[in-house]
Amino acid sequence: MSLLTVGSVAFDAIETPFGKTDKIVGGAATYITLTASYFTKKNNIIGVVGGDFPKEMIDTLEKHGVNTEGLEIKPEGKTFFWSGKYHNDMNTRDTLDTQLNVFGDFDPTIPASYQDCEYLMLGNMVPALQMTVLNRLHSRPKFVMLDTMNLWMNIALDDLKAVIAKADCLTINDEEARILSGDYSLRRAAKTIMAMGPKTLIIKKGEHGALLFQGDQVFFCPALPLEDVFDPTGAGDTFAGGFIGYLASTDDISFDNMKRAIVYGSAMASFCVEKFGSERIVGLTQEEITTRVQEFVQLAHFQI
């Protein structure tokens, strides 16, 4: 089934306790489409970059089977740039610099060849833009997944609630779930948020795994304890790419299949954090992915 991802394609400059980088390629849509490419062959991207964006990275996306027809290049502009520094616990970070550049007036154009997408991933961006994408599709996709963040809860809550109501699945972290719902208990928070529209909710807990909610059903996937964690940037987007990429490849949105999808998403995210940026998720083999998924299976498997 075809997957369409809309979101940022960016430059990041990252500092963690284990090192730092100059400008490297990042952005939600980059991580999501690269990851989804291991699962689905119809993998489309919509984003915008400036004339400073390296052609080599576009080539990398295309080598991964990503259709870049919807990636707009503004030759006179500069690509979205973000810089951040992680604390020792790797769960908190400080934003040092944000330059929206061409992403600041991003106006998503949907190529005709993308109009029949069955699966839609709306990466974290201004909620009004996410709604614009939905309105510009001629027909509603089979499955719409939405990512967002606490910033929009603080400055664009009405717009955010409007687009959440249109989504089949929302993915946020535990802090954001508590802000959005006004409830500390994640189980009660999930019920409140699902009452806003999405039938399915994923609450990410970083190094402590992820929770999947649908109706009264709950599933928990642990995070894999890793020897080396260099950079958590993009891990959430990589998780989302693995999750929706697996769903699109199987064309099965049952709760049981979503359990498998969340394990695949978590496995892909575990690769992402092992190196800076998207370096680790470029050029993975299916054998590596299968082995990593089996590690997750063994991590939580037991008999009574």
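The values are calculated or read from the model by the stated rules, or taken from the named source; none is laboratory data. If you're wondering where the values come from, they're calculated on a predicted model, not measured in any experiment. Note that we place each Cβ from the backbone using ideal geometry, even for glycine, and neighbour counts take in every protein chain shown.
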* **Those strands (runs of 3 or more DSSP E) lying entirely in the range 1-83 with at least 2 residues of a type outside the set (Asp, Glu), under 27 Å from ASP94 (Cβ atoms) and at pLDDT below 95** => 10-16, 24-26
* What are the residues in the range 13-36 that are touching a strand residue (DSSP E or B) at 6+ places or on another chain (Cβ under 9 Å) and closer than 19 Å to ASP147 by Cα, if any? -> GLY26, GLY27, ALA28, ALA29, THR30, ILE32, THR33, LEU34, ALA36
* To do: Look through PHE80, PHE39 and report the one residue that is in contact with a Ser or Thr (Cβ under 9 Å, 6 or more places away or on another chain) and farther than 28 Å from GLU287 by Cβ.
  => PHE80
* Which one is farthest from ASN44 (Cα to Cα) among residues in the range 58-115 that are among the aliphatic types (A, V, I, L, M) and out of contact with any Lys or Arg (no Cβ under 9 Å at 6 or more places or on another chain)? -> MET90
* To do: Within the range 162-183, identify whether any single residue is touching a helix residue (DSSP H, G or I) at 6+ places or on another chain (Cβ under 9 Å), more than 25 Å from VAL133 (Cα to Cα) and not in a helix (DSSP H, G or I), and answer yes or no.
  => yes
* Failed condition for TYR86, given (1) hydroxyl-bearing (Ser, Thr, Tyr); (2) out of contact with any Gly (no Cβ under 7 Å at 6 or more places or on another chain); (3) surrounded by fewer than 18 Cβ atoms within 10 Å (Cβ to Cβ) -> (3)
* Asked: Residues of the range 140-158 being surrounded by fewer than 14 Cβ atoms within 10 Å (Cβ to Cβ) and over 16 Å from MET196 (Cα atoms), which ones?
  -> ARG140, LEU151, ASN154, ILE155
* To do: Output the residues belonging to the range 9-38 that are surrounded by fewer than 24 Cβ atoms within 10 Å (Cβ to Cβ) and among the polar types (S, T, N, Q).
  => THR16, THR21, SER37
* Structure fact -> Counting only residues that are over 19 Å from PRO111 (Cβ atoms), more than 19 Å from the chain's Cα centre (by Cα) and in contact (Cβ under 8 Å) with a residue 12 or more places away in the chain, the range 54-78 contains a total of 5
* To do: Please go through the range 184-211 and pick out each residue that is under 22 Å from ASP256 (Cα atoms), at pLDDT below 95 and part of a helix (DSSP H, G or I).
  => HIS208
* To do: State all residues of the range 13-34 that are more than 15 Å from ASN124 (Cβ to Cβ) and in contact (Cβ under 8 Å) with a residue 60 or more places away in the chain; if no residue qualifies, say none.
  => ALA13, ILE14, GLU15, THR16, PRO17, PHE18, GLY19, THR21, ILE24, VAL25, LEU34
* Asked: Hey, among the residues in the range 129-180 that are over 19 Å from the mean Cα position of the chain (by Cα) and among the acidic types (Asp, Glu), which one's farthest from ASP105 (Cα to Cα)?
  -> ASP158
* To do: Could you tell me whether the range 91-112 includes any residue that is small (Gly, Ala, Ser), farther than 25 Å from ALA189 by Cβ, touching a strand residue (DSSP E or B) at 6+ places or on another chain (Cβ under 7 Å) and not in a loop (DSSP other than H, G, I, E, B)?
  => no
